[in-house]
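> First the structure, which I've put down as structure tokens, then a few questions once you've had a look.
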Amino acid sequence: MKTLVAPSLLSANFLNLGSDIEMLNKSEADWYHLDIMDGTFVPNISFGIPVVKAISKIAQKPLDVHLMIVHPDRYIDAFKDAGASILSVHIETCQHLHRCLQSIKKAGMKAGIVLNPHTAISSLEDIISDADLVLIMSVNPGFGGQQFIPHSLQKIEILKEMILRKNLSTLIEVDGGIDLNNAPSVVSAGADILVAGSSIFKAENPVEMIHFLKK
């Protein structure tokens, strides 16, 4: 499959969010990536359900919602109602991950599992078949603009091997410090979806940057 690009709205201009979304609508972006932070699981607070709902009214592409929150299972239906197409939860916050993934699918969304940089790929061995995608964090979650952690490439390769060994169609998404310098290596390692924030929204021409990332 072709590489998908999901611009992270955490790096967008929140004083002009509507214009940024309209720009993405006209670009080659495939998904919109929305980071939901609660200030508890990660040391930052971003935005919540009302903002997701507002974005969904003008977004013309799927909303890829990443929950960096505790007790994500409490909000599954709320994010579905707000317009989420893909909902990803951290393996580190879900005490009953299988049940959470099944609830996401039952609500009509694609279900994703997120791994922090310190979490081993082996922790997915007994659950990956229940996920539509796995999101590998290539920075510590919480803030945009961080540097890509090089060890993430090895994790992507190990994850790809697991997916092939189990004959699954699970997608690999990578988020954190993605730019034109490391994107080719990330894709070569096995990534299907690139999440990029600062490298897109701080570019002179964000539409052109999305085009280059896809290539």
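Every number here is computed from the coordinates shown, using simple stated rules; none is lab data. This structure is a prediction, so every number in the text was calculated from the model and none was measured. For neighbour counting, all protein chains shown are included, and Cβ atoms are generated from backbone atoms with ideal geometry for every residue, glycine included.
> Among Leu159, Leu9, Leu168, what is the fewest-to-most ranking by other Cβ atoms within 10 Å?
So the residues, fewest neighbours to most, are Leu168, Leu159, Leu9.
> If I take every Cα pair under 8 Å that is 6 or more residues apart in the stretch 1-126, average their sequence separation and divide by the length, what percent do I get for the relative contact order?
Averaging sequence separation for qualifying contacts and normalising by length gives 19 percent for the stretch 1-126.
> Could you check which residue among Ala84, Ala203, Ala59 shows the biggest mean-square fluctuation in a GNM of the chain with a 10 Å Cα cutoff?
Ranking Ala84, Ala203, Ala59 by mean-square fluctuation puts Ala203 first.
> Between beta-carbons, use under 15 Å as the cut-off and find the net charge around Val42, counting Lys and Arg +1, Asp and Glu -1.
Counting the neighbours of Val42, the net charge comes to -4.
> Given Lys105/Lys202; Lys61/Lys105; Lys26/Lys53; Lys61/Lys202; Lys26/Lys106; Lys80/Lys215, which pairs have Cα atoms separated by over 29 Å?
Listed pairs above 29 Å: Lys105/Lys202; Lys26/Lys106; Lys80/Lys215.
> Just need the relative contact order of the chain here, percent rounded to a whole number, with Cα pairs under 8 Å and 6+ apart.
21 percent
> Based only on other Cβ atoms within 10 Å, what is the fewest-to-most ordering of His90, His33?
His90, His33
> Related question: Quick check on the chain: helices-only [θ] at 222 nm, where DSSP H runs of length 4 and up contribute -39,500 (n - 2.57) each and the sum goes over total residues. Nearest 500, please.
Counting only the DSSP helices, I get -8500 deg cm²/dmol.
> Given the options Thr40, Thr93, Thr119, which has the most mean-square fluctuation in a GNM of the chain, springs set between C-alpha atoms less than 10 angstrom apart?
Top of the fluctuation ranking is Thr40.
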